[in-house]
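Before any comments, here is the structure.
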Amino acid sequence: MKAPVSWIREHVDLPADVTTEELARRLTDLGLKLEAIERPGHDITGPLVVGRVLTKSPEPQKNGKTINWCTVDVGDANGTGEPQGIVCGAHNFEPGDLVVVVLPGGVLPGDFAISARTTYGHLSAGMICSAAELGLPAGFGGASDGIIVLPPDAGAPGDDAFALLPLRDEVIEFEINPDRAYALSLRGVAREAALAFDAPYADPVDRPVPAADGEGHPVVVDDPDGCPVFVARTVSGFDPTAPTPDWMARRIQLAGMRPISLAVDVTNYVMLETGRPIHGYDADKVTGALRVRRATAGERLTTLDGTDRALSPEDLVVTDDSGIIGLGGVMGGETTEMSSTTTRVLVEAAHWDAVSMFRTGRRHKITSEAGKRNERGVDPTICEAAADRVVELLVAHGGGTADAGVTVVGTPPAPAKVTVAADLPARVSGIDIDAATTRRHLAAVGCGVGGDDAALDVVVPPWRPDLTDPFDMVEEVVRIVGYGAVPSVLPTPTAGRGLTREQRLRRRVGRALAGAGLVEVVSFPFTGEAALDALEVPADDERRRTVRLANPLSTEEPSYTTTLLTGTLAAAARNTGRGMPGIALFETGTVAFASDVAAPLLGVDRRPTDDELAALLGALPRQPLHLAVVLGGQRDNPGWWGAGRDADWVDVVGVVRDLAGELGVEVQVENDQLAPWHPGRCAKVVLVGVDGTRTTLGHAGELHPRVVARLGLPARTSAAELDLDLLLAAVPDAVRGPVFSTYPVAKEDVALLVDAAVPAGDVEAALREGAGALLESLRLFDVYTGAGVPEGSKSLAFALRFRALDRTLAEGEAAAARDAAVALATARTGAALRG
Amino acid sequence: MRRTHNRFAPGPRHFLDWPAARRPRPRDHGALLLFDHRGKAPMSGPNNEFDPVEVTPLKAEEVEAMTEAALAAVAAATDLDALKQVRIEHTGDRSPLALANREIGALPPQARKDAGQRVGKARGAVNQALAARQAVLEAEHEERMLVEETVDVTVAVDRRPRGARHPLTTGAERIADVFVAMGWEIAEGPVLEAEWLNFDALNLGPDHPARTMQDTFWTDPAENHVVLRTHTSPVQARTMLTRTPPIYVACPGRVFRTDEYDATHSPMFHQVEGIAIDEGITMAHLKGTLDHFAAAMFGEGISTRFRPSFFPFTEPSAEVDLVCFVCRGTAVDADGATCRTCRGEGWIEWGGCGVMNPRVLVACGVDPERYTGFAFGMGIDRTLMFRHGVEDLRAFFEGDVRFATAFGTEI
Ligand SMILES: [Zn+2]
């Protein structure tokens, strides 16, 4: 809402020395938030004076244009009193006319400095100004196009034009919250200003209106809930060519709207002034009675923006004998629109049901100044006054006469009543506010206040449909007392339990991964088929079951993702594209898998039952927390110490294993094949439960070379994605302090020859089991194929360490345990001990 | 002095020549294993040689000459290797003094004592000299080695790039820590949220104009009533529905709005929401909590102010401003210029808050006659932007490692 300060002051008698900043600040403190202060015209500096055109010689130019070489009397404003020579491109004036002249040294909006300059062969010393050049609305001064021609009695040559024209004003733009719809009018803004400065206030709707007489244009309201009040007035003999008065056009312009024509401007002006949207019909195009009803299915209307709309049975429409002529309160129809030939204006000032307005506006995607007010709630008692004000302005500026008949259908709803405990403002705000203060402030916002000092009976003013609850009254009282009066007191919560287990574990994961040299990224979770195609995710893969958005920002990414890799890999490619030699990233976030179940919309008048709540929560898509890791390019930098090393699948599987180790979770890896990984270098990470159940946590390994190339990643880029919820759930609650032997260690190394297809993990597991209780640790330290190893086989070298808790191992004990380990590996995997 | 990279590393070898620690591959570990744990150090055999007995070496002048020769040799040894040779030559089995000692047995008993003393003293003097010289040479050796091993420690040592956590993560943790320290707990909820929890339960009915203020991502089909949560407030509702007061809970999390992506808008951003529900809670407790939060995040003395505002789930509602932590409310910076952080306002818009609307308490099963509550919410991304002078919101979501790395693992 843009409110010109001069207009505010018309309705409230503010002290003259109140600055615009002060006014804006005080109104902000009351809840009308300052958005911006504009100072139109303050970017114009003089000399800007009245001039009388003395001569005007048209001079055709080679470029086809004709310019006018003029001399203009500017009085003494030029210091010499001599006529001022000025070249002017406009033609809508004659010698003898009074015009507005900016002389050299003046500055026009846009930092346009005026100086004497030679143009079209003349020294042009200044400019004869148009409305647009001065920032005034088009049509100002009666000229729809061209320079401003002042009335003959406007002044004398050399007079200061700032005193003559409404050039300078100050405009406060407010951000009006939905509960303060009354402030979408000068009436409301001025009321708040009066409240802020305790200044006298003149309500613009406080005017005598002619009584309804049943003689006006006939109106039938079939749906009084949708349209409780409908007022119709008619003006006849209106001059459609009459211009909008300059002051009105300027105010409409400063308020952020565009002046159009007198009839339209008057309705908009009254809306800005009172908050009540008005609709004007060309009365000669209306046939028969106006009727308000709901549309029926299949009905259509072409609104005055030219759009043909299919109507809903919920839409409120206005009809005449020809059919539907308007979407009530939202937008009029084309057939009865006012035009440049309209001489009879039928004025509609109706109160509409706000919810219906909101729904219709949304349904038809119409946002308008009228709709914005109607859907938030307008004072239902001002229809007659607003209509009368429109009639008054139409007659005053467009000629014609007000028809005698006045139609009023319906009565405004009774004002709401709220009972408020007198101490509620104090109890809610923590400020010492007594009952008298509460009464006074509620009265100041327009409430009727009765009751006793324990409970106040408050009658809500008609322009405040937002005041429905006792707490609403609290806000009214406290905002006037001032939010600055709220003391600062720390509450005393009950003893807390700190972070949850999951919250602590998530921090632990982040620290462990950062400690391993990985950098965390945060990506958008939006994805699409193309992104999943790029990862070669098969059509029947669960990861295709994305949650689709009804209104995605991008048609390329219409879904909430099922895999973090789309985002993390994009971040990896971005880093690579920016010249990073290596990438080591991780990301945690939830993914989602589509659910077919609808979530219920419950009531709000009570807590849902446990069953209702369970159904609600159960309907949501499954949203596990995932972890993604990407490693590619240089893992270790080259330097004076030697060559660097690129990351490969070993690194990423290592990151996963180390993370599990950090968390105390035992995971196993199996060879697997899954997109987007390299089919021969993909590890399935498995969680083994205490009962032996095997749960897949996710996958890790080198990406498929096609995926790597497609995404522009370094060769051999590797990645992992795990279900972090599952991993964290497996973390033991309290680690038992380890008991370890300090006796000498016995080391045994074995080299085993196995078929190349046998997973090393299987051999390792067999050795571990076979070695028995004396085994302290086992580590695969080499894998070898080549000379000395038969084709199709591989040699696995393990280092075994044996130790007993209670003694030094006797000669041969370790060797026996080693032999037992090898024997089991042989039995299980066909491993043969190498000599 | 002009220094070049190949001159500033004293020592026996140029540092660039140091071999990379690289294992030759492939190599057959199997063959190597054959020699493991098998070898024993070769043992020297017993010395059965017989030396003929002579008596002349036991004469005093002979012993003295031997001693002097030995001491001279010790003194002449300039390094540990030379000293080792001296030790062998003058105290070894074949050394003159050792040979002399062996002959003592051949002397008549009355002469043995004298000779024994003489030779023993001589050997003692030589051993002492050897030990002293050994100590000196070892010290010299160590000193020389330390000099020789000197490197230029200013050379780059960035073998592996440092990791980092994202400032949005650590920022949310820092905020959480502030509230946990006050005895609050941290609650979370899903981002794909029931429409009822995101809107209706929070007094944002389907026809509430404020719904259009929150440009919502709806999931398809809309009849399933699931949205991408537009604020962390549904966690409020979840918390009230599942806990009984007193409740003191902060909820950091990811939220979504259909905003086009630019330097100050993002379809995904982060909020922290806080709610307190207890008997006798007032706006004063809200103010106290936010003042404490502001001081904890921005420094001692940084407080807040309230401006009336509107949120459907709170009544009364307020917007919270923060005293500018750069100019401390003066609106000018140290040089007297307009403060850039607050753009000369002296205050920074921080978030929204208010007293819990009793309608929300009712929908979430809290008795509004017994309990009151407050709620507040602010953007984490926005908070971090002005706290750390981040100019472009997109820096948080691009994943450029240089961004997160600057913040380390705590914020
Ligand atoms: Zn500042």
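From the square roots a ≥ b ≥ c of the eigenvalues of the alpha-carbon gyration tensor of the protein assembly as shown, which class results: rounded (a/c under 1.5), prolate (a/b over b/c), or oblate?
In terms of gyration-tensor shape, prolate.
By the rule of a C-alpha distance below 20 Å, with chain neighbours fewer than 8 residues away ignored, the lysines paired with A:Lys747 are B:Lys40. Loop-located GluC sites (Glu not before Pro) across segment B:235-335 with a Cβ neighbour count of 13 or fewer within 10 Å are B:Glu260, B:Glu279, B:Glu300, with loop assigned by DSSP.
Can you give the local net charge around B:Ala69? Use residues other than it whose beta-carbon is closer than 12 angstrom to its beta-carbon, Lys and Arg +1, Asp and Glu -1.
Working: positive: none; negative: B:Glu62, B:Glu64, B:Glu68, B:Glu89.
Surrounding charge for B:Ala69 is -4.
Let me make sure I get this right: for segment A:662-792, a, b and c are the square roots of the gyration tensor eigenvalues over alpha carbons, sorted descending. Under 1.5 in a/c it's rounded, otherwise prolate if a/b > b/c, else oblate. Which is it? Oblate shape, in that a/c is at least 1.5 and b/c is the bigger or equal ratio.
In sequence order, segment A:724-733 has phi-based couplings of 6, 4, 5, 4, 5, 5, 8, 5, x, 5 Hz under the Karplus curve 6.51 cos²θ - 1.76 cosθ + 1.60, θ = phi - 60°, and Gly or Pro positions carry x. A 1.4 Å probe over all protein chains sorts B:Thr219, A:Thr785 by accessible area into A:Thr785, B:Thr219, starting with the largest. Full extension of the chain between A:Glu813 and A:Asn92 gives 247.9 nm of extra length, using 0.36 nm per residue less the Cα-Cα distance. What longest range of chain A stays clear of loop-exposed GluC sites (Glu not before Pro) (DSSP non-H/G/I/E/B, at most 12 other C-beta within 10 angstrom)? Looking at chain A, A:216-555 is the longest stretch - no exposed GluC sites (Glu not before Pro) with at most 12 other Cβ atoms within 10 Å. Loop-resident GluC sites (Glu not before Pro) (DSSP state other than H, G, I, E or B) in segment B:364-411 with no more than 15 further Cβ atoms inside 10 Å of their Cβ: B:Glu369, B:Glu391, B:Glu410.
Qualifying GluC sites (Glu not before Pro) in segment B:141-225, where qualification requires a DSSP coil assignment and no more than 12 other C-beta atoms within 10 Å, comprise B:Glu149.
For segment B:167-407, the gyration tensor built on C-alpha atoms gives an oblate shape. Its axis ratio a/c (a ≥ b ≥ c) is at least 1.5, and a/b is not larger than b/c. Each Lys and Arg contributes +1 and each Asp and Glu -1, all at the Cβ; summed about the Cα centre of segment A:479-585, the dipole is approximately 860 debye.
Give the longest segment of chain A that steers clear of trypsin sites (Lys or Arg not before Pro) in DSSP loops with at most 12 neighbouring Cβ atoms within 10 Å, not counting the sites themselves.
Values: sites that count: A:Lys62, A:Lys65, A:Lys365, A:Arg497, A:Arg578, A:Arg606, A:Arg736, A:Arg807.
The answer is A:66-364.
A simple charge model with +1 on the Cβ of Lys and Arg, -1 on the Cβ of Asp and Glu and nothing else charged puts the dipole of the protein assembly as shown at about 4500 debye relative to its Cα centre. Isolated cysteines in the protein assembly as shown, defined as those with no second cysteine Cβ under 4.7 Å, comprise A:Cys70, A:Cys88, A:Cys129, A:Cys227, A:Cys383, A:Cys447, A:Cys682, B:Cys251, B:Cys353, B:Cys364. Taking a straight line from the alpha carbon of A:Lys372, these lysines sit under 25 Å away, with near neighbours fewer than eight places off in the same chain left out: A:Lys2, A:Lys33. Once Rg and the Kirkwood radius are both taken over the C-alpha atoms of segment B:71-114, their ratio Rg/Rh works out to 1.18. Sequence-distant contacts, meaning Cα pairs under 8 Å at least 6 residues apart, place the relative contact order of chain A at 8 percent. Listed by chain and number, the lysines whose alpha-carbon sits under 22 Å from that of A:Lys65, ignoring those within fewer than 8 places in the same chain, are A:Lys56.
Summing -39500 (n - 2.57) over the DSSP H runs of n ≥ 4 in the protein assembly as shown and dividing by its residue number, what mean residue ellipticity at 222 nm do you reach, to the nearest 500 deg cm²/dmol? Mind showing how you got there, number by number?
Working: 33 runs with 367 residues, N = 1246.
Mean residue ellipticity at 222 nm (helix-derived): -9000 deg cm²/dmol.
Applying 1/(1 + (r/R0)^6) with R0 = 51 Å to the Cβ-Cβ distance of A:Thr80 and A:Asp239 gives a FRET efficiency near 0.70.
The values are calculated or read from the model by the stated rules, or taken from the named source; none is laboratory data. Since the structure is predicted, the reported quantities are computational estimates derived from the model, not experimental observations. Cβ atoms come from the backbone with ideal geometry, glycine included; neighbour counts cover every protein chain shown. Note: accessible area is taken over every heavy atom of the protein model, side chains too, but ligands, DNA and RNA are not part of it. Shrake-Rupley method; radii C 1.70, N 1.55, O 1.52, S 1.80 Å.
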